[in-house]
Structures are given as structure tokens and as C-alpha cells.
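Notes to accompany the following structure.
The values are calculated or read from the model by the stated rules, or taken from the named source; none is laboratory data. These numbers were taken from a predicted model, which means no experiment stands behind them. Ideal geometry is used to build each Cβ from the backbone, glycine not excepted, and the neighbour counts take in all protein chains shown. When the accessible area is computed, the model is the full protein with side chains, heavy atoms only, and any ligands, DNA or RNA have been set aside. Shrake-Rupley method; radii C 1.70, N 1.55, O 1.52, S 1.80 Å.
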Amino acid sequence: MLNQINIDDIVTIAKQAGDIIMDIYAKDFSIDYKEDQSPLTEADQKANELIVEGLSNLLLKFPILSEEGKTIPFEERKEWEYFWMVDPLDGTKEFIKKNDEFTVNIALIHNHIPILGVVYAPALSEMYWATQGNGAYKNGIPLPLYTNTESDKQLKVVASKSHLSSETQDYIDDLAKTTENIECVSKGSSLKLCMVAEGSADVYPRLAPTMEWDTAAADAIVREAGKMTYQFQSGTAMEYNKENLLNPWFVVR
């Protein structure tokens, strides 16, 4: 099934969504708030409309689950073998702050596993993509770009720019007990997972809430780059399309 999908088509959809986002980014825009008090902008909504239309026009038709789409009951979702998982603007807070660290996330999930992922950071001109069995890429260059051969001496840890929990800080402090030098960097959106995939960071602990659409696309890239996103408690790989779409705490390494 996967070989019937042209990754270039998904990359093109992500780029088109990125163009819409950047048009709005360049001007003043209004901010609304959802029931959970998370911000929502015109860019989230317009990018979502474009992505949903683009995916719906592909030859292979799969259901679409998007952060900005309608809620779909688990009784319906649990029957899905394949579906698209979309976050049209991941890092809305970073978008509002205008720090460039936001992404378009598009993933294809097959039986709870992300098998295709596209992550596009339009303000940074960074395009990541991966398909299962075909490797991961950043702007056409195979990942990882860097390999840390002295992880016992030096580790680079990436953490959330807007959501650093005390538990995440405790995890980083524990790493410092067994590593000579810990360098901590902060980043917004799914770019944190992509940094581990490319090797510019070694570890990304997220001991705080996220949703499945926040991680699915980048998780596909992580896996194809030879890394993994592990559930913090069980140590098993992350799964998608759970009844509750809230992710467990996780560590990418």
C-alpha cells in the first residue's frame, strides 16, 4: 500500500500549507482560544483546509484525523487500518511569538504505527520526510546528518521551548550524573524530534502532555533515521490511534 503513495505529493501539500501559513505570519492576525485554552489562529484553520483537500484528492483514500478537524469517536476510529494524522500548525504558540519554530505535520498511520511522515518548518525552509523502509531525509539529504560517538562524555538534550516540566528537568539532571557534559537546547514544535532524527540532539525527553498529532509525523522520521520514540513508563515504542489521543510521557533517543 505504501508504495502506491508518492511522498513528493505529501511534501507538496505540506509546502502549500506552509505558504498559506507564511502569508498570515507576515501580517497581523487574530488569536482565538479553544475550550482547553490552547490558541487557534487563521493559519491553523486555513492550512488545515488545504491539507484535508489535498489528501482527499489523492488516488488512495484514507480517513483523516486532524487536530483542527471534527472529533471522530473511537468506535469509528478503531476500525481504521490506515489513516492520515495531521497537525496543520504545530507550535501555534511559537507562531504567535514569531520565533519561526513551528511546523506542518502530516503522518500516515498503519495499525498504530507511523509509516510515513512529513514535517515542514516553512519559516526555516526545513523539510523532513520519511517512508517506512526507505529512510529519512532533511531537504533531500539522508538522516542522520551527525553521529555522537562519545555519548558517555557528551550529550545534547533538547527540550520544549514553551512546556518544560519539572519532571523533564529531573530527567535531565539524572542524565548529568552519568555524563561528563550535558548541553541543553530548547526548540519549539515537532522540530525537537527531528533534531534527534538528524543527530543535532541526542535525547528529547517529554515528561509532559502532548497529543498524537504533535508527534506522529516526526516519529516516522525518527524511526527511519534509526532512532525510536519510547514510552517513558514501559520503554515500548509509541502507538497511535489510542482511545485517548493524549500521548504518554516519552523519550526520543
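Brief remarks follow.
- Principal semi-axes in Å for the range 35-76 [√(5λ), Cα gyration tensor, largest first]: 21, 17, 4
- Equivalent ellipsoid dimensions for the range 1-128 as semi-axes, Å, which come from the Cα gyration tensor, largest first: 25, 18, 12
- What the Cα atoms of the range 1-71 give is an Rg and a Dmax of 14.0, 43 Å.
- Surface accessible to a 1.4 Å probe, residue 228 within the full protein complex, Å²: 40 Å²
- Accessible-area order (highest first, 1.4 angstrom probe) of the listed residues 77, 223: 223, 77
- Kyte-Doolittle mean at least 0.0, axial Cα span of 24 Å or more - DSSP H helices of the chain: 7-25
- The share of Cα pairs per 5 Å bin across the range 104-253, counted from zero up to the longest distance, runs 2, 10, 20, 24, 21, 14, 7, 1, 0 percent.
- The accessible area of residue 234, taken with all protein chains in place and a 1.4 Å probe, comes to roughly 70 Å².
- Shown are 35, 67, whose ranking by accessible area with a 1.4 Å probe and every protein chain present, most to least, is 35, 67.
- Taking only Cα atoms of the range 150-216, radius of gyration then Dmax in Å: 11.7, 35
- Computed about its Cα centre, the charge dipole of the chain is approximately 400 debye, with only Lys, Arg, Asp and Glu carrying charge at their Cβ.
- Where the range 107-174 is the region considered: accessible area per residue in Å², 1.4 Å probe: 48 Å²
- Note on exposure: 29, 250 ranked by accessible area (1.4 Å probe, complete protein assembly) read 29, 250, with the most exposed listed first.
- Extension reserve of the residue 34-residue 242 stretch, reckoned as 0.36 nm per residue once the Cα distance is removed: 72.7 nm
- Helix-only mean residue ellipticity at 222 nm for the chain, each DSSP H run of n ≥ 4 adding -39500 (n - 2.57), per residue, nearest 500: -9000 deg cm²/dmol
- Ratio of Rg to Rh for the chain: 0.95 [Cα atoms; Kirkwood radius as inverse mean 1/r over pairs].
- Under 5 Å from the amide H of residue 65 lie the amide H atoms of 84, 85, 86, each residue being 5 or more positions distant or on a separate chain, with H modelled from the backbone and absent for Pro and chain starts.
- Shown is the FRET efficiency for residue 183 and residue 2, computed with R0 = 41 Å from the Cβ-Cβ distance and rounded to the nearest 0.05: 0.65.
- Local net charge near residue 211, Cβ-Cβ under 9 Å (Lys/Arg +1, Asp/Glu -1): -4
- For the range 182-253, Kirkwood radius (reciprocal of mean inverse C-alpha pair distance, Å): 12.1 Å
- Apportionment of accessible area to carbon and sulfur, the chain, percent (1.4 Å): 47 percent
- As a calculated quantity, the FRET efficiency between residue 81 and residue 175 at R0 = 35 Å, using C-beta atoms, amounts to about 0.35.
- Highest mean packing comes first when the peptides 202-214, 174-186, 1-13 are listed by Cβ atoms within 10 Å, giving 202-214, 1-13, 174-186.
- Greater than 30 Å apart at Cα, pairs in 98/153; 27/161; 93/177; 93/153: 98/153; 93/177; 93/153
- The chymotrypsin sites (Phe, Trp or Tyr not before Pro) of the range 104-175 meeting both criteria, a DSSP state outside H, G, I, E and B (loop) and at most 13 other C-beta atoms within 10 angstrom of the site's C-beta, are 146.
- Solution diffusion estimate, µm²/s, Stokes-Einstein, the range 121-186, Kirkwood Rh from C-alpha pairs, 4 °C, viscosity 1.567 mPa s: 90 µm²/s
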